[in-house]
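The values are calculated or read from the model by the stated rules, or taken from the named source; none is laboratory data. Please read all numbers here as calculations on a predicted model, not as lab measurements. Cβ placement follows ideal geometry from the backbone for every residue including glycine, while neighbour counts extend to all protein chains displayed. Only protein heavy atoms, including side chains, enter the accessible area calculation; ligands, DNA and RNA are left aside. Shrake-Rupley method; radii C 1.70, N 1.55, O 1.52, S 1.80 Å.
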Amino acid sequence: QVRLVESGGGLVQAGEALRLSCAASGSIFSINAMGWYHQAPGKQRELVANITSGGITNYADSVKGRFTVSRDNAKNMVYLQMNSLKPEDTAVYYCNAREIATTLHRYLEAWGQGTLVTVSS
């Protein structure tokens with residue numbers, strides 16, 4: 001069983017920064033891609049940023065230049081540094097992992113439980 005646990009959400013003012021962390025556990029051998037999605041009230045879940053095990057990154061246009069995704073492959077962790085936050089960044093942020101190999105099984109995808117980020121104007 002693969003488990004993703006996020007931390008670092010909270011309430012900040014516009015222009016401030018937050019750093020989200022996500023730890024993957026469960027006898028993991030490798031993870032191809034890790035990243036972050038967000039879901040605002042009444043909207044669909046959308047990709048924010050992801051990063052492959054080789055370090056290739058992908059960002060939503062709305063966060064380019066403000067957010068940075070990184071990972072520690074040895075620790076099976078992914079981070080999201082969010083700078084210059086805007087009220088429209090307010091959402092629940094979900095950690096995502098794809099193509100996970102454990103010592104016993106392979107999983108296509110796993111999700112964390114989500115962490116709320118609220119940006120006040």
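From the residues in the stretch 84-93 that are in contact with a Ser or Thr (Cβ under 8 Å, 6 or more places away or on another chain) and outside any helix (DSSP H, G or I), which one is least open to solvent (accessible area, probe 1.4 Å)?
93
Can you name the residue in the stretch 87-121 that is among the aliphatic types (A, V, I, L, M) and touching a helix residue (DSSP H, G or I) at 6+ places or on another chain (Cβ under 9 Å) and, of all such residues, is nearest to residue 75 (Cα to Cα)? Let's see the steps before the verdict.
Restricting attention to the stretch 87-121, the residues satisfying the condition of being among the aliphatic types (A, V, I, L, M) are 91-92, 97, 100-101, 104, 108, 110, 116-117, 119.
Among the residues that remain, those that are also touching a helix residue (DSSP H, G or I) at 6+ places or on another chain (Cβ under 9 Å) are: 117, 119.
Working: 117: 24, 119: 29 Å.
Per the criteria, the residue is 117.
Could you check how many residues of the stretch 94-114 are of a type outside the set (D, E, K, R), in contact with a Leu (Cβ under 9 Å, 6 or more places away or on another chain) and not in a loop (DSSP other than H, G, I, E, B)?
So the count comes out to 7.
Could you please give the count of residues in the stretch 40-60 that are open to solvent by less than 60 Å² (accessible area, probe 1.4 Å), farther than 13 Å from residue 73 by Cβ and part of a strand (DSSP E or B)?
5
May I ask you to say which residue of 26, 42 is more than 14 Å from the chain's Cα centre (by Cα) and without any contact (Cβ under 8 Å) to a residue 40 or more places away in the chain?
Going through 26, 42 in turn, just one is more than 14 Å from the chain's Cα centre (by Cα) and without any contact (Cβ under 8 Å) to a residue 40 or more places away in the chain: 42.
Do we find a residue being open to solvent by 40 Å² or more (accessible area, probe 1.4 Å), closer than 30 Å to residue 121 by Cβ and either part of a strand (DSSP E or B) or among the β-branched types (Val, Ile, Thr) (or both) anywhere in the stretch 21-37?
Looking through the stretch 21-37, none of the residues is open to solvent by 40 Å² or more (accessible area, probe 1.4 Å), closer than 30 Å to residue 121 by Cβ and either part of a strand (DSSP E or B) or among the β-branched types (Val, Ile, Thr) (or both).
Of all residues in the stretch 61-79 being of a type in the set (D, E, K, R) and over 17 Å from residue 5 (Cβ atoms), which is least open to solvent (accessible area, probe 1.4 Å)?
Top of the filtered list is 66.
Collect the residues in the stretch 1-20 that are aliphatic (A, V, I, L, M), surrounded by 15 or more Cβ atoms within 10 Å (Cβ to Cβ) and within 16 Å of residue 79 (Cβ to Cβ), keeping them in residue-number order.
4, 18, 20
Could you tell me which of the residues 11, 80, 20 is in contact with a strand residue (DSSP E or B) (Cβ under 9 Å, 6 or more places away or on another chain), farther than 19 Å from residue 110 by Cα and at pLDDT 95 or above?
Answer to the check: 11.
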